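The values are calculated or read from the model by the stated rules, or taken from the named source; none is laboratory data. These figures come from a predicted structure and were not determined experimentally. In this analysis, Cβ positions are derived from the backbone assuming ideal geometry, glycine residues included, and neighbour counts consider all displayed protein chains. Ligands, DNA and RNA are excluded from the accessible area calculation, which covers all protein heavy atoms including side chains. Shrake-Rupley method; radii C 1.70, N 1.55, O 1.52, S 1.80 Å.
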Amino acid sequence: MPEFLFLWTDLLLWLLVLLTVVFIRYAGKRRHLREPWQRVFRSGMAVGAGVVLGAFILIGLLDSIHFRSGDDAANPGEVLSLFDTMVTPLREQQEKSYSAPFATTLYAKEMVTLNDGSTVRIYPRLKYGGAHLTELGEKRRDIFVTTAIGAFQAIVLWLMVVGLLGLWRRKKPGPHWLSMLRSSSDNTNRFPWHVLSWMLLILFMLILISANLSLKYHILGTDKVGEDVFYQALKSIRTGLVLGTLTTLVMLPAAILLGVMAGYFRGWVDDVIQYLYTTLNSIPGVLLIAASVLMLQVYMDNNAADFSSTIERADMRLLFLCIILGVTSWTGLCRMLRGEALKIRELDYVQASQAFGVSSFRIMMRHLVPNVMHIVLITVVLDFSGLVLAEAVLAYINIGVDPSTNSWGNMINSARLEMAREPIVWWSLSAAFVFMFALVLAANLFSDVVRDAFDPRLRGNS
Amino acid sequence: MMAYIIRRLLYAIPILIGVNLITFVLFFTVNTPDDMARMHLGMKRVTPEAIEKWKQERHYDKPLVYNKSTDGFAKLTDTIFAQKSLALFAFRFGSSDNGRDIGHDIRQRMWPSLAIAVPVLVMGMLLYISLALLLVFFRATYVDTWGVVLAVMMMSISSMFYIIGGQFLIGKFLHLVPISGFDTGDAWKFLILPVIIGVVGGIGGATRFYRTLFLEEIHRDYVRSARARGLSEMRVMFVHVLKNAMIPILTGVVAALPLLFMGSLVTESFFGIPGLGSYTIDAINSQDFAIVRAMVFLGSVLYIIGLILTDISYTIVDPRVRLQ
């Protein structure tokens with residue numbers, strides 16, 4: 001029985017999932033909360049982006065269940081995640097050094113001793129990448145066949161999923177089952193099933209083809225120490241998600257409480273809170289992060305004994321980075337909430353509650369906080385992509401996540417020196433680029449729709 | 001007006017004291033000067049004498065806030081807090097941990113930073129505003145839709161890729177300009193690539209932002225009356241709408257003006273330009289806390305100046321706003 005290991009970011013991430021589930025149940029019963037979300041999911045753009053986001057989140061969550069691989073306490077073994085065990089071949093097929101995507105040989109020539117004792121300078125064959133090939137000329141055919149198998153599996157899986165969805169929908173009165181596949185003319189008020197279907201097909205294709213191919217080849221090449229780049233890029237998803245979501249989760253309580261309090265109480269409370277956020281805001285964000293991370297480094301170096309393993313240490317640093325990013329980014333939300341609370345406190349129902357002698361705390365909780373939630377939600381969604389992008393910059397300045405943590409920023413940072421090589425090692429950088437671009441673009445498109453659906457100023461237009 | 005500015009300047013003092021306190025707590029109490037000395041000298045096998053010597057050379061050997069060993073006023077002034085933190089108020093930055101005069105470095109290094117930041121700002125503004133106006137001009141057509149999609153896609157690309165990709169494409173692949181370095185003689189050669197990348201990197205976000213500003217204006221009454229008077233759509237857009245939308249745009253730019261001195265962290269260090277941005281990055285990488293402290297303070301001062309300038313520029317461009 002493997003021993004589970006709960007990292008701090010794991011716990012917080014699952015807490016966030018729990019909160020989301022609770023919120024969905026809560027919002028499902030209330031019409032004013034349900035309607036904007038229905039508007040979101042009637043947009044094809046949002047559903048398409050949502051499928052991509054969902055895939056990323058699924059991988060990130062699978063990567064957030066950690067345990068020690070060793071069976072007995074004497075030999076604890078390394079810390080793995082559930083996702084690691086699912087992609088064991090990717091993790092374990094380590095080459096010696098760089099190799100290009102789909103390569104069968106190393107990137108650089110090496111001296112190799114042949115069986116008869118003579119040495120030659122050749123590109124040595126990879127240990128795993130394309131090792132099953134006896135004749136190198138067959139590579140192209142082999143890749144084609146493997147791709148075709150993957151595509152076939154994807155189509156079968158897709159037909160099953162879409163068929164099941166279609167059967168489930170048959171029970172409800174609705175349009176023809178073909179609307180699963182094509183847009184109908186009256187689709188403005190319905191969930192865009194056809195977008196979901198086609199996006200799922202693309203997704204299954206990508207997953208199954210790359211899964212089939214990556215068993216035989218390094219589809220995105222290997223890095224300096226021979227680790228599979230595809231594996232690194234997949235592992236980086238969790239880091240990106242943690243930074244993008246936990247940062248806002250960490251800062252939300254302070255931002256909501258202080259913002260609403262400043263707007264509701266006014267007077268000296270307002271002055272103090274305004275002073276607090278103006279001061280924090282006036283420190284350049286990057287410098288505050290740099291200063292804090294530098295201090296954390298010194299602290300960790302001096303108290304190295306407090307961390308039992310490197311993964312716990314790296315996790316602590318990731319969490320701390322979230323907190324620091326949160327400290328630098330709550331001020332904007334706080335200011336907006338203060339402005340909104342200033343307006344709401346003058347409304348009749350708040351005035352009436354005051355006249356009835358309801359306590360200030362209850363008024364804030366029952367009347368103010370629920371009515372500023374749309375601003376909170378828009379901010380959370382809009383901030384996500386910015387935070388994912390910020391990680392790359394922070395990694396470049398060496399104040400990002402721990403160098404041992406897989407992240408797109410670390411990949412870019414180590415890859416930028418490889419660009420100077422001849423022929424250039426382009427695959428690490430490209431892999432990080434593609435993954436990051438996909439996540440951020442999906443998040444940006446999704447957040448646009450969410451903002452339009454929740455922003456009361458825009459509601460009149462639609 | 002004058003009274004307002006003076007009051008705002010006075011209000012800046014408690015904020016700067018707050019910034020000062022935060023940096024002081026971060027740099028001197030979370031980790032004591034002993035910790036920092038140990039880190040600079042190498043973690044292991046550091047003798048207490050070496051630590052003392054390191055601290056003495058950099059004047060970190062004083063008590064933090066209260067010096068019992070001296071008399072009178074010196075009890076408060078002969079401390080790390082007074083010497084290292086409060087001295088920043090007089091813009092006495094002192095010397096960095098490796099002994100260079102920070103004030104001198106800053107004065108020298110702010111010019112290359114400006115040489116990049118100002119062209120990026122000016123060219124960027126012109127480009128972004130024209131693009132945004134074009135999108136609004138073609139609103140509710142395919143040009144607008146695809147323009148916005150393109151803008152969102154450009155927004156989704158990390159700034160690191162613009163820099164690495166641009167450096168690779170223009171500098172290395174096409175061999176048009178040197179990929180990095182700086183020389184005061186023909187500086188433009190070294191500046192052109194970072195400026196282009198700076199401008200291109202901002203297209204997505206800025207164009208979309210300005211487009212929203214213009215779209216908000218386009219439904220106003222004055223636009224309708226201008227159209228009713230028979231003005232061409234071109235004239236309405238580029239004269240009337242542009243003029244009114246300039247208020248939020250200008251004030252936003254004014255807020256950013258002082259911070260131009262700080263330079264761009266990543267761009268400068270990537271292209272080896274000796275500005276304040278790369279200065280900061282070098283300081284962070286070599287863990288030179290004296291420089292980081294000075295830059296934090298300088299950044300806050302410039303930010304507050306930016307806030308005050310914003311308020312003043314509001315009264316100038318929008319006569320409806322009165323400061324009191």
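What to note about this one:
- With all protein chains in place and a 1.4 Å probe, the accessible surface of chain B carries 67 percent carbon and sulfur.
- When both the range A:221-252 and the range B:107-145 are represented by their alpha-carbon centers, they are found 32 Å apart.
- Trypsin sites (Lys or Arg not before Pro) restricted to the range A:264-372 and DSSP loop, no more than 15 other C-beta within 10 Å: A:R266
- Here the range A:1-135 has 63 percent of its accessible surface on carbon and sulfur atoms, given a 1.4 Å probe and all protein chains in place.
- The range B:208-249: C-alpha gyration tensor shape, a/c 1.5 cut-off, then a/b vs b/c: prolate
- Shape analysis of chain B places it in the oblate category; the axes a ≥ b ≥ c from the Cα gyration tensor give an a/c of at least 1.5, with a/b not above b/c.
- Given charges at Cβ of Lys, Arg, Asp, Glu: the protein assembly as shown dipole, positive-most of A:T239, B:A290, A:S353: A:S353
- Kyte-Doolittle at least -0.5, axis length at least 30 Å by Cα - qualifying DSSP helices, chain B: B:2-24, B:102-137, B:187-218, B:289-317
- Sequence-distant residues sharing a close amide H with A:T105 (under 5 Å, placed H): A:L126
- Placing +1 on the Cβ of every Lys and Arg and -1 on the Cβ of every Asp and Glu, with no other charges, gives the range B:111-323 a dipole of roughly 760 debye about its Cα centre.
- A:S360 accessible area, 1.4 Å probe, all protein chains in place, Å² to nearest 10: 40 Å²
- Where the protein assembly as shown is the region considered: accessible area per residue in Å², 1.4 Å probe: 50 Å²
- For the protein assembly as shown, the Cβ-based charge dipole about the Cα centre amounts to some 2700 debye (Lys, Arg positive; Asp, Glu negative; other atoms uncharged).
- Each of A:Y107, B:G277, A:L164 was placed along the dipole of the protein assembly as shown (beta-carbon charges, centred on the mean Cα), and the one lying farthest toward the positive end is A:L164.
- Largest-first ordering by accessible area, 1.4 Å probe, given options A:E340, A:E95, A:E3: A:E3, A:E340, A:E95
- Separation of alpha-carbon centers, the range A:269-331 and the range B:149-171, rounded to whole Å: 29 Å
- Taking a ≥ b ≥ c as the square roots of the eigenvalues of the Cα gyration tensor, chain A is oblate, since a/c reaches 1.5 or more and a/b is not larger than b/c.
- A versus B: buried accessible surface, summed, Å² (probe 1.4 Å, to nearest 100): 4100 Å²
- Value of relative contact order over chain B, rounded to a whole percent, pairs C-alpha under 8 Å and six or more apart: 22 percent
- Dipole moment magnitude, nearest 20 debye, chain A about Cα centre, only Lys, Arg, Asp, Glu C-beta charged: 2020 debye
- Which of B:V136, B:L265, B:I164, positive extreme of dipole for chain B (C-beta unit charges): B:V136
- Relative contact order %, the range A:1-151, counting alpha carbon pairs below 8 Å whose residues are six or more apart: 17 percent
- Excluding exposed DSSP-loop chymotrypsin sites (Phe, Trp or Tyr not before Pro) (at most 15 other C-beta within 10 Å), longest clean stretch of chain B: B:139-324
- Set B:K189/B:K243; A:K127/A:K235; A:K96/A:K235 screened for pairs whose C-alpha atoms are more than 27 Å apart: B:K189/B:K243
- Cα centroid separation - the range A:13-64 against the range A:389-450, whole Å: 25 Å
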